[in-house]
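Every number here is computed from the coordinates shown, using simple stated rules; none is lab data. Keep in mind the model is a prediction, meaning the values are calculated, not measured. With ideal geometry, Cβ positions are generated from the backbone for all residues, glycine too; neighbour counts draw on all protein chains shown.
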Amino acid sequence: MLRFRDAFTPLPFLGASATAVRSWRQTQRTALVVLTAVFVTSAAMAANGGQPSIFSILIKWSPLLLWGFLFNLLISILSMGAGTLVGVPLGMLQTSPVRPVAAVARFITQFFRNAPWLVMLFICVMLLPFEIRVFGLRIPFPDWVKAVIGFALPAMANVAEIVRGAMISVPSGQWESAESLGFTRTQCVMKIILPQCIKRMLPPWMNLYSLITMATVNASVVGVNEMLTLTAQVHAAEGSRPELLAPLYAYSLVCFFIYAYPIGKWTEYLERKYQVKD
Amino acid sequence: MNVIPPPTIIPPTPDAPIVSLRAVFKSFGANNVLQGISLDVAKGETICIIGPSGSGKSTLIRCINALVPIDSGSIQVQGIEVNDPHLDKLSLRRRVGIVFQQYNLFPHKTALENIMMAPITVLKQEKAEVEARARALMKKVRLAGKEDFYPGELSGGQQQRVAIARSLAMRPDVMLFDEVTAALDPETKKEVLVTIQDLAKDGMTCIVVTHEMGFAREVSNHVYLTEHGLIVEHAPPAEFFSNPKDARTREFLSQVL
C-alpha cells in the first residue's frame, strides 16, 4: 500500500501551493479507496478454482481495452473541440443587439441543450449518410464520426450557454467605456469582453468536458468500437462468465475515474483561485 | 428661477458653443429624468453640474456622447446633431471623451495598453506614434513609471488618472467627467481633481458632474444646479456661491457646504 501511495506525486502544473497539495492528498486517498474496492472484488472472483484468474484476464485484454479507452478520449476531444468552435460564436450571437439574430441563436442553444444526449446520438447516426460525395470525391462518414457530431451538438449548446453567461457577467461599465471610446460592438466583444471571459469560462468548460468524456460510452449503443463495446466483446470471448461482468466493467470505470477525477479537482482548484482574485 | 432661452438655430461661427443642448427630454419608463434641459458650453470653458442625487446629472452627461439616446430636443457637439437617427457615432465619440465614476479600465490590459487600445483599434493609427503619445499622457497625468502596471495594481486615484489619459489619447475636443472622484478617498481625490484642473488650464472644454463644491468654485467658469431634471439656477461660480437667487439653490448649498 505504501509503495502505491508513493507512486503518486503532485502534478507540476498545480505548483507548490498548499491547497493544491492538500487536494492531491485527497485525490490519492479517494483513488486508493476505489482501486482497493476493485481489487478486493477481483480477488473474490479469482478465488473461483480451475478458471483463469481475473487478473490474468484483465492483463491479457488490457491492450485492447485501453485502445478502446483511447478511442473514447479521441471522441471526447474532437466533440469538445468542434462544440467549442461552434459554441463560442453561438454564445456571442445570443447577446447580439440585433433581435432576430439573438433569437435564432437562443433557440438553437435551447433546442440542443434540452435534448437528451443519447437521443441526439441516435438521430445523428441514423440520419447522417455513410458517405458524402463532393465533386466526385467520396468522403466516408463512419459511425464514430457521426458519434462525434452527436456529442458535439450538446457540447456546442452548453458551451454557448457558458459563453453567454460569462459575457453578461462582465460589468456594464466595460461595455460603456468601450462604446464611448468608439469601439464597434464586434471590436468590443473581441478585444475587451471575451478576453476577460476566458478565466470565468474555464472551470465550467472543463466540467462540461468531463461530462462529455463520460457520455462517450453511449457510443457503444450505436456500435462504435469504444471501450464499453470492447468490454462486452471481451466478456463474450471469455465465455460470458457472469462473475467476470463486475470486474470487467469496474476496470473501465477505474480508467474513466483516473482520467476525469484530476480534471474535476483541477477545475475546483481553478474555481477557488479565480474566486479569490476577482 | 432663470428663464431658459428658447431654441434658436445657431450659425456655425467660430464663436458658436462647442456643446449646445436645447430642450432635452428623457424618461426611463414613468421616470422623467430630464425635463427640458438647455445649456451652452463655449470652447475652452469648464462647467460644473451639481445637484442632489437622482436629479439627472449622470443621464445628462451620458446623453452628450449618445450613450443614452434622448426622447426629444437637440444636442449639438461641434455642429454634429447627436439626436439624429443617422448619427455617425464614431465621429461624435472621437470628439467627446468621457470618464466614469468607476474608472472602467480594461482589467486585462496594462495602463499603457489601456491608453493605446482605442487609437490603434478604432482610429487605426500607427502603433509607434500612439505609444509615444500614450507615454507622454502618462507623464501628463503624473503616472510616469506605472506604464506596465495592471489596473488591479493601481490605487483608485491612479486608475482614474489612467482613465483620463485613455480618453485624452483619442484627442477629444470635449471631456465629460461623471462624478469621477465620488468613489475615491480624500487624499486620492485631490490628485484627480488637480489633473482635471490642469486640463482646464490647458484649454480643454470640460463638463464636470461633481459633488466637489470647492472644485466647482475654483476651477469652473459656470455652475449649473439641476433638480428633478431641470436646471434650477446657473451662474459664474462667484455669483452662484455667494449670491444664489433661487431658494432651492440656497437650500442645496446649505446642505453641502
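Structure values in brief
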{"read-out": "Residue order, fewest to most surrounding Cβ atoms within 10 angstrom, among B:19, A:159, A:189", "value": "A:189, B:19, A:159"}
{"read-out": "The range B:105-171: C-alpha gyration tensor shape, a/c 1.5 cut-off, then a/b vs b/c", "value": "prolate"}
{"read-out": "Cross-link pairs beyond the 18 Å C-alpha cut-off, checked among A:199/A:273; B:109/B:146; B:57/B:245; B:43/B:190; A:273/B:146", "value": "B:57/B:245; B:43/B:190; A:273/B:146"}
{"read-out": "Cβ-based net charge around residue A:110, under 14 Å, with every Lys or Arg adding one and every Asp or Glu removing one", "value": "+2"}
{"read-out": "Neighbouring partner chain Cβ atoms per residue of B:96-105, average, 10 Å criterion", "value": "4"}
{"read-out": "Under the Debye formula (equal points on every Cα, no solvent term), log10 I(q)/I(0) of the range A:53-277 at q = 0.17 Å⁻¹", "value": "-1.19"}
{"read-out": "Three-way shape label, the range B:105-257, alpha-carbon gyration tensor, a/c 1.5", "value": "prolate"}
{"read-out": "Student exercise, chain B dipole from Lys, Arg, Asp, Glu Cβ charges, in Debye to nearest 20", "value": "400 debye"}
{"read-out": "For chain B, fraction of C-alpha pairs farther apart than 31 Å, in %", "value": "24 percent"}
{"read-out": "Ranked list, fewest to most other Cβ atoms within 10 Å of each Cβ, for B:187, B:131", "value": "B:187, B:131"}
{"read-out": "Debye, to nearest 20: dipole size of the range A:125-278, +1 on Lys, Arg Cβ, -1 on Asp, Glu Cβ", "value": "400 debye"}
{"read-out": "Hull shadow area, averaged, the protein assembly as shown [alpha-carbon convex hull, nm²]", "value": "35.3 nm²"}
{"read-out": "Ordering of A:238-245, B:237-244, B:202-209 by burial proxy (mean other Cβ atoms within 10 Å per residue, highest first)", "value": "B:202-209, B:237-244, A:238-245"}
{"read-out": "Sequence of B:53, B:38, B:155 once ranked by neighbouring C-beta atoms within 10 Å, starting from the fewest", "value": "B:53, B:155, B:38"}
